1. Quick check: from the Cα gyration tensor, does the range 346-502 come out rounded (a/c under 1.5), prolate or oblate?
2. So how do Lys26, Lys167, Lys366 line up by other beta-carbon neighbours within 10 Å, fewest first?
3. Using a 10 Å cut-off around each Cβ, can you sort Thr359, Thr481 from fewest to most neighbouring Cβ atoms?
4. Starting from 0.36 nm per residue, how many nanometres of slack lie between His469 and Gln117 once their C-alpha separation is accounted for?
5. Spelling out what I want: for every residue of the range 166-176, take phi, set θ = phi - 60°, compute 6.51 cos²θ - 1.76 cosθ + 1.60 (Karplus), and round to whole Hz; glycine and proline get x.
6. If you average the C-alpha positions of the range 396-428 and of the range 53-128 separately, how far apart do those two centres end up, in angstrom?
7. Stretched out fully, how many nm does the piece from Arg441 to Thr376 gain, at 0.36 nm a residue minus the Cα gap?
8. So how strong a dipole does the chain carry about its Cα centre when Lys and Arg Cβ are +1 and Asp and Glu Cβ are -1, to the nearest 20 debye?
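Readers should treat all values here as calculations from the given coordinates under stated rules, not as data from a laboratory. Keep in mind that this is a model prediction, so the values were computed, not measured. Here Cβ is always computed from backbone atoms with ideal geometry, including for glycine, and neighbour counts include all displayed protein chains.
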Amino acid sequence: MNSDDPNPQTGPFLGVIFGASGDLAKRKLMPAIFNLFRDGLLAESFAILGMSRKKMTDDAFREKIISDMEELAPGELTAEMKEKLLPHFFYISGDVTKAETFSRLKSRMESIDKECQTGGNAFFYLATAPTLFSPVVHALGDEGLINEREDSWRRVVIEKPFGHDLKSAQQLNHDIQIKLNEKQIYRIDHYLGKETVQNIDVLRFANGMFQPFWSNLFIDHVQITVAETLGVEGRGGYYEHAGALRDMIPNHILQLLSLIAMEMPISFGADDMRDEQVKVLRAIRPLHGEDINHNVVRGQYVHGTVDGKDLSAYRAEDNVDPSSMTETYVALRLAVENQRWAGVPFYLRTGKRLARRVTEIVVEFKKPPFTPFRETTVQSLEPNQLIIRIQPDEGISLRFVTKVPGTLLKLDEVDMDFRYADYFGRAPATGYDRLLYDCIRGEATLFRRADMVEAGWLPIAGIQEAWEHSGDSLTEYASGTWGPAEADALLSRDGRQWRVYV
Ligand SMILES: NC(=O)c1ccc[n+]([C@@H]2O[C@H](COP(=O)([O-])OP(=O)(O)OC[C@H]3O[C@@H](n4cnc5c(N)ncnc54)[C@H](OP(=O)(O)O)[C@@H]3O)[C@@H](O)[C@H]2O)c1
């Protein structure tokens, strides 16, 4: 959104949320709508129609929204907001696997469109299990619900996971493109809605001081860490089929990599941006055969103690196979094979039950020559690091070496630190506000195009295949640590180390 936009409000619309009684709707979607409404960004003529199998009246749905909001953000929903906002919400129960549901949906949408003057514009948000993505799109198409008119739009928002490997992502793209034009499809990766992620482009392309250094001439390597302290928290059934590689790498983490490594786009328009991101993803060398053993570490958490609390092993979690080979941690070393990045390793790691919750990108610069310090007491020089903190405590730090005050020449590293909270007060939103707003405005830059999704699966397709046939390489790590020792070795072999948190 451009702050100079004379009319930042959306136009009229009806948003249909499939899976309205579920967790995502409760924790992310409804609060996002609330935030957009509070900030005056929604048109006066809008409506939200929730759907799931659970039987509820409009009033019961509105009551649920109130109680969810009160649980999640006590005190935020004022009496005035309730009065103004709640009449925009409606509910219809239905099973999306049944065709009759969609004819009822159609007539309900028509009556809400008339009542709320939503202009025939509608988005359908698929907050349901991934197995329902394609059937729902087909049912919407069969009922004529996604036909656009000259003066109105229809869009479909699809949640992650988008496929579980390259083949299934290609199949899902193919299936939904039978009914939908690519321009109507909004594939969500909520990481792309985060302020700090959008700021990567600004940092790189609006600051003359970084641009000249942004290549293998000056950058030694890049690290991306997405670490969680939580385990699978009752979602063992889901996680058994996902694992850290599939759950985090082809979407969130490779999106971050593509933003760090892409060439400058000719504009920030949706296709120009996404063209450059796809090029980088396709330049990543896919790992196969022996390369996998050398460049990938997978681990699974065993019991451990965190803050004096005894935490159980992954294999002891509910709905997890006691001999499960699912990885809860993965670290990779990837190469981006193009002129800018040749010779610069990209180290990625993500895992559950790690020592600290942090999502961060570290760009480490090459060390200067030691020569002028040869005759001094300085033992070694540390490299400069640019650290982009995505969450928590969003911000950017520049780590550099400085002289410790005193008679002897001693050096130490210090951080020049920018924190969003210090400069802009309010903490950046979760990403869903921005993404919903963009979808309603028809702005697709922060959504993943079909080729981007497929390009995300390419680098790891060989790893998935290898792991299907062998469990040899699964290593253990204690809950509350930084993961398996093998992941440290992945860097120390190259004379590097993961950023140390104190
Ligand atoms: N939760 C998150 O934080 C999160 C984050 C990222 C992505 N996602 C993705 O978002 C989607 C939803 O996740 P969730 O966590 O909200 O799942 P959830 O809590 O299990 O909710 C699923 C929703 O789908 C409805 N549903 C299931 N079968 C249906 C059917 N046949 N017809 C109509 N409605 C049906 C359920 O309601 P009824 O049982 O009443 O029908 C419920 O409202 C998934 O694709 C997930 O991967 C979730």
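1. Since a/c reaches 1.5 but b/c is at least a/b, the shape of the range 346-502 is classed as oblate.
2. Lys167, Lys366, Lys26
3. Ascending Cβ contact count within 10 Å gives the list Thr481, Thr359.
4. Details: separation 352, 0.36 × 352 = 126.72 nm, distance 5.61 nm.
Gain in length upon complete extension: 121.1 nm.
5. 4, 5, 6, 5, 4, 5, 5, 4, 4, 4, 7
6. First find each Cα centre; the distance between them is then 48 Å.
7. 17.3 nm
8. That gives the chain a dipole magnitude of about 280 debye.
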